[in-house]
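A.B. asks: Take a look at the following structure, please.
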Amino acid sequence: MKKSISTVLLIAMIVFGAQAQQKIGYFDANYVMPQLPEAKAAQTELKTYATKLQEDLATKEQEFKEKYQKYLQEATTMPDPTREAYEKELQALQKQIADFQQSAEKSIQEKQQALMNPIYVKVENTLKEVAKANGYAYIIRREALLYEPEGGKDDISPLVLKKLGITPAPVTDNK
């Protein structure tokens, strides 16, 4: 009986001792993502896409502004049916502009997801590989750290970049 208690205690000490030895690292996506060529290309493409939509919106707003100015100038001399038709047209243009804005915002979000999700998956998979290869049991996002060790001892971000074939830029304190 005494021997089995000793064995259980020994196993418990080994298990708890092994758990105490688990490495915990952290990862800084704000450091890694801007260094990825595909993330830079995605941001450029997204910016171009958003700019085009903004230009289209500006064109629609200009059209409305011109028609509204014409309406203001001529409203007092227009026959009632013409004025009412013009007002309906202006209301329809306003609705088109509002609908376009909502559609454009949704479209930009969808485009961003379509461009960035494959990059996030690639980084996450690489992060898991690096963590496993370097014996890390847990990886925490840098933003979640309450305390960061000096010198970035357990920051695996540069290792992830190296694994992705990118020479890491010098680490700067971006907290």
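The values are calculated or read from the model by the stated rules, or taken from the named source; none is laboratory data. These numbers were taken from a predicted model, which means no experiment stands behind them. A quick note on method: Cβ atoms are made from the backbone with ideal geometry, for glycine too, and the neighbour counts reach across all protein chains shown.
A.B. asks: If we scan the stretch 127-137, do we find a residue that is aliphatic (A, V, I, L, M), under 21 Å from the mean Cα position of the chain (by Cα) and in a loop (DSSP other than H, G, I, E, B)?
C.D. replies: No, the stretch 127-137 contains no residue that is aliphatic (A, V, I, L, M), under 21 Å from the mean Cα position of the chain (by Cα) and in a loop (DSSP other than H, G, I, E, B).
A.B. asks: I want to confirm something. Restricting to the stretch 17-47 and keeping residues that are hydroxyl-bearing (S, T, Y) and either in a helix (DSSP H, G or I) or modelled with pLDDT of 95 or more (or both), which single residue is surrounded by the most Cβ atoms within 10 Å (Cβ to Cβ)?
C.D. replies: Y31
A.B. asks: It is to be established whether one or more residues within the stretch 157-171 are over 20 Å from the mean Cα position of the chain (by Cα), among the aliphatic types (A, V, I, L, M), in a strand (DSSP E or B) and surrounded by 12 or more Cβ atoms within 10 Å (Cβ to Cβ).
C.D. replies: No; the residues of the stretch 157-171 include none that is over 20 Å from the mean Cα position of the chain (by Cα), among the aliphatic types (A, V, I, L, M), in a strand (DSSP E or B) and surrounded by 12 or more Cβ atoms within 10 Å (Cβ to Cβ).
A.B. asks: Only residues in the stretch 24-37 that are under 8 Å from I139 (Cβ atoms) and touching a residue at least 60 places away in the same chain (Cβ under 8 Å) count as the first member; pair them with residues that are assigned to a helix (DSSP H, G or I) and among the hydroxyl-bearing types (S, T, Y), Cβ under 7 angstrom, at least 6 apart or cross-chain, and list the lot.
C.D. replies: Pairs that qualify, where the first residue is under 8 Å from I139 (Cβ atoms) and touching a residue at least 60 places away in the same chain (Cβ under 8 Å) and the partner is assigned to a helix (DSSP H, G or I) and among the hydroxyl-bearing types (S, T, Y), are F27/S157.
A.B. asks: Still on this model: For K60, state whether it is part of a helix (DSSP H, G or I), of a type outside the set (A, V, I, L, M), closer than 30 Å to P149 by Cα and at pLDDT 95 or above.
C.D. replies: no
A.B. asks: Ok, one more. Of all residues in the stretch 54-88, which are within 17 Å of A98 (Cβ to Cβ) and of a type in the set (K, R)?
C.D. replies: Across the stretch 54-88, the qualifying residues are K60, K65, K67, K88.
A.B. asks: So, E87, is that one without any contact (Cβ under 8 Å) to a residue 40 or more places away in the chain, among the acidic types (D, E), under 30 Å from L53 (Cβ atoms) and surrounded by 12 or more Cβ atoms within 10 Å (Cβ to Cβ) or not?
C.D. replies: The answer is yes for E87.
Yes/no matrix, rows are residues, columns are (1) in a helix (DSSP H, G or I); (2) over 26 Å from D28 (Cβ atoms); (3) modelled with pLDDT of 95 or more; (4) more than 21 Å from the chain's Cα centre (by Cα):
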{"residue": "T51", "(1), (2), (3), (4)": "yes, yes, yes, no"}
{"residue": "E55", "(1), (2), (3), (4)": "yes, yes, yes, yes"}
{"residue": "L72", "(1), (2), (3), (4)": "yes, yes, no, yes"}
{"residue": "M78", "(1), (2), (3), (4)": "no, yes, no, yes"}
{"residue": "P81", "(1), (2), (3), (4)": "yes, yes, no, yes"}
{"residue": "A98", "(1), (2), (3), (4)": "yes, yes, yes, yes"}
{"residue": "V121", "(1), (2), (3), (4)": "yes, no, yes, no"}
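A.B. asks: Please verify whether the stretch 144-151 includes one or more residues that are part of a helix (DSSP H, G or I) and within 30 Å of Q62 (Cα to Cα).
C.D. replies: no
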